[in-house]
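Taking it in order: structure first as structure tokens, then the write-up.
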Amino acid sequence: MPEMDGFEVLTQMQENERLKNIPVVVMSANESKDIIADCLKQGAKDYLVKPVRMTTCKSLITFMRKDHSNDHSDDEEKGLARFEMLRHLGKGAAGMVNLIRNKKT
């Protein structure tokens, strides 16, 4: 990314009240254990090393939906449950690309 790297985005998301509950999965070609550990400590829910198999992505999405659907805290909809897919845009370098939006907007 031209202005900041993914770790900086993750850091800023964790510092923002509106964004910090969005589950983040980092996808990178970097296999450094230190980088992976830093991302997980900073709040990433998972870290996938590219190339990523579609079955891995689908399993992760299923897991995260279940994980958040069992959360009965006072906060209404957290994480993936807060979003809806508007349409499928096509195929990207690492898999499918979808247009999503926050359900509350």
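Express in nm, to one decimal, how much length is gained between Ser59 and Leu19 on full extension, taking 0.36 nm for each residue of separation and deducting their alpha carbon distance.
12.1 nm
P(r) of the stretch 6-68 in 5 Å steps, Cα pairs, percent per bin?
Calculated over all Cα pairs of the stretch 6-68, the distribution is 4, 17, 27, 22, 21, 8, 1 percent.
Since every read-out is calculated from the coordinates, none of them should be taken as a lab result. As the structure is a computational prediction, the values presented were derived from the model and not from experiment.
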